[in-house]
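Working notes, beginning with the structure itself.
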Amino acid sequence: MSEYEWNLTDLKQVPKNNYNVFSCFSCGGGSTMGYKLAGYSVIGNCEIDKKINEVYIKNHNPKYNYCMPIQEMNALKDYHKDLYNLDVLDGSPPCSTFSLAGEREKNWGKSKKFREGQAYQILDDLFFEFIKLAGKLKPKIIVAENVKGILMGNAKGYINLIIKKLDEVGYRTQIFLLNSARMGVPQKRERVFFIATRKDLELPKIKLEFNEEFITYGQIKDTNYKPINKETMLYQRWLKRSKKDNSLCDTIERTENGKISSFNTQFVKDDRIPNTLAAGSLFLRFDVPASISDRDIKLIQTFPQDYNFCGQQVQYICGMSVPPIMMKKIAKEIKVQLLDYLRKWWRWVSCIDTK
């Protein structure tokens, strides 16, 4: 079985490394599973969406569960002592306002919610709420994930402010732009990772370089699929596709002399790496008139095949999450380059003190 094809039951065989993580904006637990695959214990989470939180609890059974907006968690007067002794505070602050899709600047500073039942929030502020929580808990390391668009255009000023706020609460920050396709994930997903270390620990800079072989759709594709209704316009447009078309938008531009916002309707081809799987994207197979199967979605996002989605849409949860294998590779480097280094240093100091 390939690394990207796995089951939650496989986690029982992973040796523990005795490092603890707390996950904010945890969604379905993509990053949580990545840490677990790397041997960490994820002791708790914070998630605003009650339905998604139920999915998280079902699959991950957190010791400390905070089903609330991060602002409410920040307003709490105290936390369990375990949360003051974290090795890693992890978080993926909602990032749609920095996506390159659509008129992103017009959405900055506006309240938004992702789903029915969620509270309205100004998404731009959530990163700073995450930093505020870090300032209270003082973990050894902070890991935050965001979209590539946060590095581009007018958003660069936001990056500078993030670094400044992290510095104010006592952290040095490094920023990495990583592509999951180079990390054993069958998907081109470029994401920004902030790795911040507590200044008083004087940890070295971390190096994150990945260059694994690409995995094409043909290597993972399911024999099952979801056929397109032949009575629909979608089917008629699929029939007009050409080898050069990478999305339905390309087909429409070429055959109908018009543009529509269907860049999220992508063709998946056997010899290509699937593009970024978003919560609302539609992946159409190029070889047959159909959308990809749930098994395909889980493999593209490296979610376990036995994951219990509790009736929620597979693509929504997968698309909103960090690919577990992507986070596994980062978590392993954090362990080796930072946490193990710190552990060896402490042992050396303890040895000196006892002499």
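Looking only at residues in segment 303-355 that are modelled with pLDDT of 95 or more, of a type in the set (Val, Ile, Thr) and more than 16 Å from Lys36 (Cα to Cα), the one that is surrounded by the most Cβ atoms within 10 Å (Cβ to Cβ) is Ile317. All of (1) touching a residue at least 40 places away in the same chain (Cβ under 8 Å); (2) open to solvent by 80 Å² or more (accessible area, probe 1.4 Å); (3) within 21 Å of Val143 (Cα to Cα) hold for Lys51 with one exception: (3). Filtered by the rule that a residue be closer than 16 Å to Lys240 by Cα and either surrounded by 17 or more Cβ atoms within 10 Å (Cβ to Cβ) or not acidic (Asp, Glu) (or both), segment 263-287 gives Thr265, Gln266, Phe267, Val268, Lys269, Leu284, Arg285, Phe286. Of all residue pairs spaced 6 or more apart or on separate chains, those with beta-carbon atoms under 8 Å, a first member in segment 60-74 that is touching a residue at least 40 places away in the same chain (Cβ under 8 Å) and a second member that is small (Gly, Ala, Ser) are Tyr64/Gly44; Pro69/Ala119. Flag: Ile300 does not match the condition of being out of contact with any Leu (no Cβ under 9 Å at 6 or more places or on another chain), open to solvent by less than 20 Å² (accessible area, probe 1.4 Å), aliphatic (A, V, I, L, M) and modelled with pLDDT of 95 or more.
Whenever a residue of segment 176-202 is within 12 Å of Pro274 (Cα to Cα), its partners that are acidic (Asp, Glu) and surrounded by fewer than 21 Cβ atoms within 10 Å (Cβ to Cβ), lying with C-beta atoms within less than 8 angstrom and at least six residues away or across chains, give the pairs Ser180/Glu190. Taking first residues from segment 24-37 that are touching a residue at least 12 places away in the same chain (Cβ under 8 Å) and of a type in the set (D, E, K, R) and partners that are open to solvent by 10 Å² or more (accessible area, probe 1.4 Å) and not in a helix (DSSP H, G or I), the Cβ contacts under 8 Å between residues at least 6 apart in sequence or on separate chains come to Lys36/Val14; Lys36/Val42.
The values are calculated or read from the model by the stated rules, or taken from the named source; none is laboratory data. Note that the structure is a prediction, hence the values are computed from the model and not measured. For neighbour counting, all protein chains shown are included, and Cβ atoms are generated from backbone atoms with ideal geometry for every residue, glycine included. The accessibility values were calculated without ligands, DNA or RNA, using every heavy atom of the protein model including side chains. Shrake-Rupley method; radii C 1.70, N 1.55, O 1.52, S 1.80 Å.
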